[in-house]
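The block underneath contains the structure these notes are about, expressed in C-alpha cells.
The values are calculated or read from the model by the stated rules, or taken from the named source; none is laboratory data. Bear in mind that the values here come from a model prediction, so they are computed numbers and not experimental data. Every residue, glycine among them, receives a Cβ derived from its backbone with ideal geometry; neighbour counts consider all protein chains shown.
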C-alpha cells in the first residue's frame, strides 16, 4: 500500500475496446505506448504481440502472466479484452494497461499509459516488453 494513500492515483479513464478492436488513442505526452499508433511514432509505438499457434492458448498465457505481476489489479476481463491497473509500490502512481485480441490477424494489441505526469521514464514500454518475454510472444514487425 502506498504511503501517500492515492495522492498520485488519478482517475480511472472510461475504457472499452470498440467492435473493431481499437483501443483508446494516446495523449501526446511521452508517458504511454500503444501498438495501434503510427509505427513511425518512435515515442509511442510498440509492436503488437504476435501469436504463433492457437490464439486462445496465447491469450490465457498472457492473462496469467499479467495477473501475477507485482502491483497488478484486474479491472475487466473478457474473451478478447483485458484491462488491468498497475500501481507503483511507493507513491502509488497508476498505469492503465489494456490488451485486445485480434485472433484473425494473430495479434494481441496493447496500450499501456500512465494516468498522471508527463514522463513515465520508460516504465510502460519496459512492462510491455517484459510481458512479451514472459509470455513467449514475439513482436510483430510493422510492414
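The residues of region 89-119 that are under 16 Å from residue 70 (Cβ atoms) and at pLDDT 90 or above, listed by number, are 94, 95, 97, 112.
Return the pairs, sorted by first residue and then second, in which the second residue is exposed (fewer than 12 other Cβ atoms within 10 Å of the Cβ), the first residue lies in region 62-88 and is at positive phi, the beta carbons are less than 9 Å apart, and the residues are 6+ apart or on different chains. Hits for this filter: 71/89.
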